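Colleague: Sharing a structure here in structure tokens format.
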Amino acid sequence: MARIFIISNRVATPHAGLHAGGLEVVLKATLKNHPCVWLGWSGDIKRHPKTRTVHQGDNSFIVSDLTQEDFEEYYSGFANRVLWPILHYRLDLAEFSRRDMTGYMRVNDHFADEMVKVLKPDDIVWVHDYHLIPLARALRARGLHNRIGFFLHIPMPPPEIITAMPNHENLLPSLCHYDLVGFQTDNDAANFARYLANELGTPSRRLGTGDRVMRLGAFPVGIETRTFTRLARRAVKTELVLKVRESVPGMLMIGVDRLDYSKGITLRLEAYERFLAAHPEWHGKVTYLQITPRSRSQIKEYADMEQTVNQTAGRINGAFSDASWSPVRYVNRPYSRTALAGLYRAARAALVTPLRDGMNLVAKEYVAAQDAADPGVLILSRFAGAAAEFRDGALLVNPYDPDSVGAAISRAMAMPKDERKSRHAALYAALLRNDISKWGDKFLSALMGTKSFNLEEAGRMSQNLPAPPH
Ligand code: ADP
């Protein structure tokens, strides 16, 4: 029986809580509708790494430990200190001293070895994200002919930026070993097509030799729209949300982001500061709740940023608070999906202003959570992937320009209900057009080159594939 063989850095194993970021939500429909194997890192660092398998229904989850050296070189080093900043357009933060990608390649080879042990000829392989760019090359080198797709969850910058990465020529072209490479937006796909054209002289988005072609495409991720709306409707009545509402004089504005430099949190706080300085009439009438769980704290840039964000929030509160009101409420901890959904719904505006973001699901969750009869306003960075779908309804801003973001806050706070409703209707329609329940099958049918995805047919097709070019 053909299976979908998913591989990503982290795996959301059953009963182990959320350990794969947003991936388990994105892959939920695929895991539910098809027999799947999901392989990746266990999250454990061991001197003598082991690989374990857990079964649940038709699905199997295979997790493999890493050594301390693997963790430092592959995950903390090359993936998060070189690839993450560069793919987010931050050459200034890339640690070029860590350009050695040996550990990164070694872990990719390790995952390829683990896969070879269990992969069947008709399995359809789906590789996720920047940790595993060279995996198809490693699998082809082991003689595997399966259909293999890759999806990049984060941005793909233009070639002028990618080519600043030492050894990019050993890494990025290895994507040509996939049958399909998917991106969040057309812009990301076009950037990569231009890289290939510049570097390899390939003329189009269909590449390859012989019978096998590598195709590029955009597959923007979405959310479970209606489920999230229902959740928010219930959650707004929970004790936490009621308490927050009671304790905030006037309107609530919300920001929800991992503590990451790509999210533009400091500049966003500065924009709010300009808004407060320019609009004393709003003092005491708006409170900005920024929910920001720490992430990757072991990396210096993240620790530095934590300090800057703390200081900026403190400065704003010092300058503008009075005994009955503090303009910023800055919280450093994770919340349940239910709590977030309720807080989104209680907020008159959301500030989602990343400097660069693959998609940004918070923007989508905020829209889904609103009460259509009295919705809030989404203030969205033009540099979030979501901006491509949300042009019509969001207030699009340049996150590098605090004055323009400050002006958007003022516009959102004063926006009449009719305008809020028509903007929200446009945003909600965009969400429904691209619901996450259809995303997996859209990608998989593109991978198989078929109109819709049928696992049996896909399995038969996989077995008749031609051998890959060398
Ligand atoms: P990224 O994947 O870069 O972190 P996204 O906006 O695409 O950014 O996805 C973030 C996900 O993490 C969203 O689903 C959001 O609800 C969740 N999240 C963000 N902040 C928190 C928090 N404080 N508590 C719980 N979940 C959070």
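Colleague: Based on the Cα gyration tensor of segment 1-71, what are the three equivalent ellipsoid semi-axes, each the root of five times an eigenvalue, rounded to whole Å and given largest first?
Modeller: 22, 13, 10
Colleague: Please report, in debye to the nearest 20, how large the charge dipole of segment 335-470 is about its Cα centre when each Lys and Arg carries +1 at its beta carbon and each Asp and Glu carries -1 there.
Modeller: Here segment 335-470 has a charge dipole of around 80 debye.
Colleague: Further, regarding this structure: Could you size up the charge dipole of segment 72-169 around its Cα centre, putting +1 on the beta carbon of Lys and Arg and -1 on that of Asp and Glu, and report it in debye to the nearest 20?
Modeller: Values: 11 positive and 13 negative charges, 47 e Å.
Around 220 debye, computed over segment 72-169.
Colleague: Just add up the charged neighbours of Arg348: K/R +1, D/E -1, any other residue whose Cβ is under 10 Å from the Cβ of Arg348.
Modeller: With Lys, Arg at +1 and Asp, Glu at -1, the net is 0.
Colleague: Take every Cα pair under 8 Å in the chain that's 6+ residues apart, average their separations, divide by the length, and report that relative contact order as a whole percent.
Modeller: Contact order relative to length: 16 percent.
Colleague: Could you work out the Rg to Rh ratio of segment 69-142, with Rh taken as the Kirkwood radius (inverse of the mean 1/r over all Cα pairs)?
Modeller: We get a ratio of 1.04 for segment 69-142.
Colleague: Where in segment 383-470 are there chymotrypsin sites (Phe, Trp or Tyr not before Pro) that are in a DSSP coil and have at most 15 other Cβ atoms within 10 angstrom of their Cβ? Don't skip to the answer; put the middle values down first.
Modeller: On the way: sites: Phe383, Phe390, Tyr400, Tyr428, Trp439, Phe443, Phe453; in loops: Phe383, Phe390, Tyr400, Phe453.
Taking segment 383-470 and a limit of 15 other Cβ atoms within 10 Å, the loop chymotrypsin sites (Phe, Trp or Tyr not before Pro) found are Tyr400.
Colleague: Which whole number of Å³ per residue matches the convex hull of the alpha-carbon atoms in segment 315-399? Present the calculation step by step, with values, prior to reporting the outcome.
Modeller: Working: hull volume 11.3 nm³, N = 85.
Enclosed volume per residue, from the Cα hull, is 133 Å³.
Colleague: Let me ask another. By count of other Cβ within 10 Å, fewest leading, how are Glu246, Glu72, Glu160 ordered?
Modeller: Final ranking by Cβ density, sparse to dense: Glu246, Glu160, Glu72.
Colleague: Among residues other than Leu39 whose Cβ falls under 12 Å from its Cβ, what is the net charge (Lys/Arg +1, Asp/Glu -1)?
Modeller: +1
Colleague: Also, quick follow-up: What order do you get for Lys300, Lys117 when you list them from fewest to most C-beta neighbours inside 10 Å?
Modeller: Lys117, Lys300
Colleague: Need the C-alpha centroid separation for segment 53-83 versus segment 310-372, integer Å.
Modeller: 31
Colleague: While we're looking at this one, here's another question. Which listed residue (Ala313, Ala350, Trp325) has the Cα farthest towards the positive end of the charge dipole for segment 311-370, taking +1 on Lys and Arg C-beta and -1 on Asp and Glu C-beta about the Cα centre?
Modeller: Ala350
Colleague: Quick one: angle between helix 102-118 and the longest Cα principal axis of the chain, in degrees between 0 and 90, rounded to 10, please.
Modeller: 60
Colleague: How tilted is helix 300-320 with respect to the longest principal axis of the chain? Cα atoms for both, answer in degrees (0 to 90, nearest 10).
Modeller: 10
Colleague: Would you compute, from DSSP H runs of 4+ residues alone, the mean residue ellipticity of the chain at 222 nm, taking -39500 (n - 2.57) per run and dividing by the full residue count, rounded to the nearest 500?
Modeller: Here the helix-only value at 222 nm equals -12000 deg cm²/dmol.
Colleague: I want the local charge near Val236. Using Cβ-Cβ distances under 11 Å, sum +1 for each Lys or Arg and -1 for each Asp or Glu among the other residues. Please report the intermediate quantities before stating the final value.
Modeller: On the way: positive: Arg233, Arg234, Lys237, Arg245, Arg345; negative: Asp371.
Charge balance in the 11 Å sphere: +4.
Colleague: Which trypsin sites (Lys or Arg not before Pro) does segment 363-463 hold that lie in a coil by DSSP with at most 10 other beta carbons within 10 Å?
Modeller: For trypsin sites (Lys or Arg not before Pro) across segment 363-463 that sit outside H, G, I, E and B with at most 10 neighbouring Cβ atoms in 10 Å, the list reads Lys451.
Colleague: How big is the dipole moment of the chain about its Cα centre under a simple scheme where the beta carbon of each Lys and Arg is +1, that of each Asp and Glu is -1, and everything else is neutral? Debye, nearest 20, please. Present the calculation step by step, with values, prior to reporting the outcome.
Modeller: Values: 59 positive and 50 negative charges, 217 e Å.
Taking the Cα centre of the chain as origin, the dipole is about 1040 debye.
Colleague: Compute the helix-to-body angle for 265-278: its Cα long axis versus the longest principal axis of the chain, expressed 0 to 90° and rounded to tens.
Modeller: Its long axis makes an angle of about 20 degrees.
Colleague: So what are the ³J(HN,Hα) numbers for segment 450-457, from phi and the Karplus equation (6.51, -1.76, 1.60; θ = phi - 60°), rounded to whole Hz, Gly and Pro as x?
Modeller: My calculation for segment 450-457 gives 10, 5, 10, 9, 10, 5, 5, 5 Hz in order.
Colleague: Which one, Val82, Ile133, Gln463, is farthest towards the positive end of the dipole of the chain when Lys and Arg carry +1 and Asp and Glu -1 on their Cβ?
Modeller: Of the candidates, Gln463 comes out farthest on the positive side.
Colleague: Rounded, prolate or oblate: which fits segment 348-455 when a ≥ b ≥ c are the square roots of the eigenvalues of the alpha-carbon gyration tensor, with rounded for a/c under 1.5 and prolate only if a/b beats b/c?
Modeller: oblate
Colleague: Whole angstrom only: what separates the Cα centroid of segment 423-443 from the Cα centroid of segment 229-254?
Modeller: Comparing the Cα centres of segment 423-443 and segment 229-254, I get a distance of 25 Å.
All of the numbers you see were taken from the coordinates with simple rules; none came from a lab. For clarity, every value in this text was computed on a predicted model and none was experimentally measured. Counting neighbours? That spans all protein chains shown, and the Cβs are built from the backbone with ideal geometry, glycine included.
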